[in-house]
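Visitor: Starting off with a structure, shown below.
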Amino acid sequence: MYSQEAIDALLNRIGWSELSSGLPFVLTPENLMAESGKKFNWYHSLILIDNIYAAVPEVEMSETNFNAYLSDIRKQAVLSVLTSILDTYVDYDPATDYSTIIIERPTLFDDAIGLSVAIKMIELFISTTRSNFNERSAKMSYQALKVELEGAKNDNGHFIAKGIVYKMEQSIKKAQKVIFPYKIVVNDGNAW
């Protein structure tokens, strides 16, 4: 279990970057806020506001709706990462409050949150039906984006290139090792 305060501690760790933004409006200070100093485009160079705006389902989305959309993506990523790191882990104890470790060690969650947003945005780019996005992004073919997400393996099943999904899984495992340290369990009695 973790408190709303713990969730809020992670919400503004990573911000959106206005880098190369040719949009006719600006992002809210909340969306730009990055307490860790990291921006989502650091996790993948395609995660730019222009690309996201071109791929969202609503054509010519208003400034208010677009800012709300970006806030929601960040919140959903935080909730998803908390579920992946804590709630689904085998040693998770629902009676234990993990809020303190979340608040005191927020950097444990940064990479997983950033990579989670990168994955969702690349999935949006792959699945968009917006023609202007396809015209703008001729270099971003479906196959190339799938390799970015999942990586590529050779005939023996070994990674040639590790994708973002793999990197996220590794960041989740790293956080779990810190939160749930390996415990030595002895099942036998005295050996002497």
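Visitor: Among the residues that make up region 83-103, is at least one of them touching a Leu at 6+ places or on another chain (Cβ under 9 Å), touching a residue at least 24 places away in the same chain (Cβ under 8 Å), of a type in the set (S, T, Y) and assigned to a helix (DSSP H, G or I)?
Guide: no
Visitor: Against the condition among the polar types (S, T, N, Q) and at pLDDT below 90, how does N65 come out, does it pass? Before the answer, list the steps.
Guide: Numbers: among the polar types (S, T, N, Q): yes; at pLDDT below 90: no.
For N65, the condition - among the polar types (S, T, N, Q) and at pLDDT below 90 - is not met.
Visitor: Would you tally the residues in region 1-47 being of a type in the set (K, R) and surrounded by 19 or more Cβ atoms within 10 Å (Cβ to Cβ)? Lay out the reasoning, then the answer.
Guide: First, the residues of region 1-47 that are of a type in the set (K, R): 13, 38-39.
From the residues that got through so far, the ones that are surrounded by 19 or more Cβ atoms within 10 Å (Cβ to Cβ) too are 13.
Counting residues in region 1-47 that are of a type in the set (K, R) and surrounded by 19 or more Cβ atoms within 10 Å (Cβ to Cβ) gives 1.
Visitor: For region 52-66, give me the residue count where each residue is part of a helix (DSSP H, G or I) and either of a type in the set (D, E, K, R) or within 15 Å of I14 (Cα to Cα) (or both).
Guide: Final tally of qualifying residues: 1.
Visitor: Let me ask another. On the given criteria, is S36 within 27 Å of G163 (Cβ to Cβ), assigned to a loop (DSSP other than H, G, I, E, B) and within 18 Å of the chain's Cα centre (by Cα)?
Guide: The answer is yes for S36.
Visitor: Please specify each residue of region 44-55 satisfying the condition of being over 15 Å from G22 (Cβ atoms) and touching a residue at least 12 places away in the same chain (Cβ under 8 Å).
Guide: Correct list: H44, L46, I47.
Visitor: Looking for something assigned to a loop (DSSP other than H, G, I, E, B), hydrophobic (A, V, I, L, M, F, W, C) and within 18 Å of T88 (Cβ to Cβ) - is there at least one such residue anywhere in region 165-183?
Guide: Yes.
Visitor: Also, I was wondering about something else. Scan region 165-184 and report the pairs whose first residue is touching a residue at least 12 places away in the same chain (Cβ under 8 Å) and whose second residue is aromatic (F, W, Y) and in a helix (DSSP H, G or I), with Cβ atoms within less than 9 Å and a gap of 6+ or a chain change.
Guide: S171/F109; A175/F109
The values are calculated or read from the model by the stated rules, or taken from the named source; none is laboratory data. Treat the numbers as computed from the prediction; the structure is a model and nothing was measured. When we count neighbours, we look across all protein chains shown, and the Cβ atoms used for this are built from the backbone with ideal geometry, even at glycine.
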